Amino acid sequence: MRQITYAFTDDPIAGLQLAAEFLMMLASIVLLISTFVKLSFLVIIYVVLAVVQALYLLTFSIATCAMKINIIANFSWSACIAYWLWVAFSSGISLYFIYIATSYYKLKSTEDQLTDF
């Protein structure tokens, strides 16, 4: 019986495809730190990183699929459909979390203004 071995590709597109996920992990860490230290400007940094991640994901997906170099989308027809469903879901969730973070920032800034008086 032949054993299947898995190896990462040396194609730089694979690394670029993971860059959006690493950016979202960084944004999540910034948001977590902002809850511990009570600095509201870190929420804005989270929002900026989340917007950059969502835009990067969309532009990267569109550009690589248009050039036919996307590793996941070129695997098969069903993988292509699953990939675009994931892109839509990820973009929607990112926008929802951006909305929650901006709402929290507005609430926090009005609370801070009320406690200053």
Correct choice for Cα Rg over 2.2 N^0.38 Å that was computed from the model, options (i) 1.72; (ii) 1.40; (iii) 1.10 = (ii)
Expressed as a rounded percentage, what relative contact order does the chain have, with Cα pairs under 8 Å and six or more residues apart?
-> 26
Karplus-derived 3J(HN,Hα) from phi for segment 89-102 (6.51 cos²θ - 1.76 cosθ + 1.60, θ = phi - 60°), whole Hz, x at Gly and Pro, runs 5, 5, 5, x, 5, 4, 5, 5, 5, 5, 4, 5, 5, 5
Could you tell me what percent of the accessible area of segment 48-111 is made up of carbon and sulfur, with a 1.4 Å probe and every protein chain present?
-> 79
Give me the accessible area per residue for the chain, probe 1.4 Å, as a whole number in Å².
-> 74
Add -39500 (n - 2.57) for each DSSP H run of 4 or more in the chain, then divide by its residues: what number comes out at 222 nm, to the nearest 500 deg cm²/dmol?
-> -28500 deg cm²/dmol
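The values are calculated or read from the model by the stated rules, or taken from the named source; none is laboratory data. Quick caveat, the model's predicted, so the values are computed rather than measured. Please note that ligands, DNA and RNA were not included when accessible areas were found on the heavy atoms of the full protein model with its side chains. Shrake-Rupley method; radii C 1.70, N 1.55, O 1.52, S 1.80 Å.
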